[in-house]
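For reference, the structure discussed in these notes is given below.
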Protein chains: 2
Amino acid sequence: MSSTNHHLFREQTSGRKKRERTRSALLDSAISVFASKGFEAARITDITNHAELANGTFYNYYKDKDELLRDVTAGLAVELTGRINDEMENLAHGPTRVTFATARLLQIARREPEWLSVYLEGVFIVTELQAAAVQYLRQDLEIGIEQGHFDTEVNLLLVNQILSLIRAALLLDPAMSDHTIIQTCEAVLRLLGLPPRKAAKQVASVFERFLSSDEHTTDAQG
Amino acid sequence: MSSTNHHLFREQTSGRKKRERTRSALLDSAISVFASKGFEAARITDITNHAELANGTFYNYYKDKDELLRDVTAGLAVELTGRINDEMENLAHGPTRVTFATARLLQIARREPEWLSVYLEGVFIVTELQAAAVQYLRQDLEIGIEQGHFDTEVNLLLVNQILSLIRAALLLDPAMSDHTIIQTCEAVLRLLGLPPRKAAKQVASVFERFLSSDEHTTDAQG
DNA sequence: AAGAAAAATGAGACTAATCCCATAAATGAG
DNA sequence: CTCATTTATGGGATTAGTCTCATTTTTCTT
């Protein structure tokens, strides 16, 4: 069914014990199935079929679908927010950090739309992961405010507004064109209080310095 | 289960033929059930139980759950967007219209959080209703741009961003405090390119002129 | 109030999913 | 290679839902 299938978890465990490999196969299949039908509509057998495992195998690993979703979402959180945060360790300027993080997340979604879509659904359903999920974002907002760049109060609604803008981009344009990414980054900055022109400049600058289309490195240099 | 239950459809049909009344009972119950468990998880029997009807009765009215959702969503569209648009017929100023519409929608959600939540889910699932659902919003955006108040391009992503901000407010604060409403209105205006201070003034002005807490226009008495 | 039409009922046939578990297969340590 | 341990299997009991339809109940008309 899926034309592109990138096996986030399986790749991390290719040489390891069988137990780990099977678990990863279940996690990767869950991402595919959740992304295509949504969590509610996904059936255990959809996932085991996709992983080419017997139905019963699922129950050697998880009690039920909820437990699986928790595992999937936590894994995606590490992969998405953790990785992006590592890439940004040299950036000190608040607006640059927020722009970079937003754009990078959407760039990843261009290659792997399933990851972001399942992640966002998971964060919404598995409420105990929400705080952790938005922790990095809050930090960057605080930095920008501290520096006097953002004109806003950091609260839970603001954080959710930003996540909502990201989700809107994903829903409307899963292929994630540059135009969509730029419009979304500008929207986030406007929300934080930057005037339109300044927001546009900030986004253009981040794209030029870090995200020009020919270099897609995992290590952000200067 | 629901402590407050306001019977949008039933009230419109109280004196009429039995067929209309039963259909309204199904629609109102569907709103309650969809709002509490989500559309996917809702079972036909949940809805008929809530309406105190037999399971089979459902099938005298609808072929399946999807057909019911279409009916519910279309009804909510009339009730929500239609009514608000009527209230605004005298307003010519683009930013005022957008602010008023946003604030009014959220004020309705304060009394009836279920309506907005089901409406937003429905518009997302029943794609053929989307165009109609956002038609009024698009018009107001065009007006504001024509007048030189908004610095943005009207496209589908923008419209979805605005809907997403509304959805974020509903998810985070279903009780819909004034603070949430104000923050959401300001967010919408910022998104459209107003600088923070101007956005805040615009929102304050609309609240003062049209939405002061002691007068709730139309027919709103308990 | 009777009779016809409209509406509601709920038992039951189907379909589909979860989850268990006795058995089979695969793995890997000595 | 052998055998104990780990892992996978898939049949089937169980639960849960959809949808039908012959029957009952309610409503409407005269």
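The values are calculated or read from the model by the stated rules, or taken from the named source; none is laboratory data. Keep in mind it's a predicted model, so treat the numbers as computed, not measured. When we count neighbours, we look across all protein chains shown, and the Cβ atoms used for this are built from the backbone with ideal geometry, even at glycine. Heavy atoms of the whole protein, side chains included, go into the accessibility calculation; ligands, DNA and RNA do not. Shrake-Rupley method; radii C 1.70, N 1.55, O 1.52, S 1.80 Å.
Of all residues being open to solvent by 50 Å² or more (accessible area, probe 1.4 Å) and in contact (Cβ under 8 Å) with a residue 12 or more places away in the chain in the range A:178-197, which is farthest from the other protein chains (Cβ to nearest Cβ)? Just the residue, please.
So in the range A:178-197, the residues open to solvent by 50 Å² or more (accessible area, probe 1.4 Å) come out as A:178-179, A:182, A:195, A:197.
Of the ones still in play, those that are also in contact (Cβ under 8 Å) with a residue 12 or more places away in the chain are A:178, A:182.
Values: A:178: 13, A:182: 11 Å.
Going through the qualifying residues, I end up with A:178.
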- Failed condition for residue B:68, given (1) in contact (Cβ under 8 Å) with a residue 40 or more places away in the chain; (2) open to solvent by 10 Å² or more (accessible area, probe 1.4 Å); (3) within 12 Å of DNA strand D (Cβ to nearest atom); (4) away from chain A (no Cβ under 14 Å): (2)
- Test each condition in (1) within 13 Å of DNA strand D (Cβ to nearest atom); (2) more than 21 Å from the chain's Cα centre (by Cα); (3) under 23 Å from residue B:115 (Cβ atoms) for residue B:63 and report the one that comes out false. (3)
- Query: Of all residues in the range A:83-141, which are under 25 Å from residue A:39 (Cβ atoms), over 12 Å from the mean Cα position of the chain (by Cα) and open to solvent by less than 30 Å² (accessible area, probe 1.4 Å)?
  - Reply: A:126
- Message: If the requirement is being closer than 20 Å to residue A:114 by Cβ, out of contact with any Ser or Thr (no Cβ under 8 Å at 6 or more places or on another chain) and away from DNA strand D (no atom under 16 Å from the Cβ), which of these qualifies: A:92, A:77?
- Response: A:77
- Residue that is farthest from the other protein chains (Cβ to nearest Cβ), among those in the range A:149-172 that are within 26 Å of residue B:195 (Cα to Cα) and open to solvent by 60 Å² or more (accessible area, probe 1.4 Å): A:149
- Message: Given the condition of a type outside the set (Lys, Arg), within 16 Å of DNA strand C (Cβ to nearest atom), open to solvent by 70 Å² or more (accessible area, probe 1.4 Å) and closer than 24 Å to residue B:124 by Cβ, answer yes or no: does some residue in the range B:14-28 qualify?
- Response: no
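Taking the range B:35-52, which residues are open to solvent by less than 50 Å² (accessible area, probe 1.4 Å) and within 12 Å of DNA strand D (Cβ to nearest atom)? Can you show your working first?
Our first condition is that a residue be open to solvent by less than 50 Å² (accessible area, probe 1.4 Å); within the range B:35-52, this holds for B:35, B:38-39, B:41-42, B:44, B:46-48, B:51.
Once the filter is applied, which keeps residues that are open to solvent by less than 50 Å² (accessible area, probe 1.4 Å) and within 12 Å of DNA strand D (Cβ to nearest atom), the range B:35-52 yields B:39, B:41, B:42, B:44, B:46, B:47, B:48.
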- Message: Any residue that is within 14 Å of chain A (Cβ to nearest Cβ), away from DNA strand C (no atom under 16 Å from the Cβ) and not aromatic (Phe, Trp, Tyr) - is there at least one of those in the range B:38-59?
- Response: yes
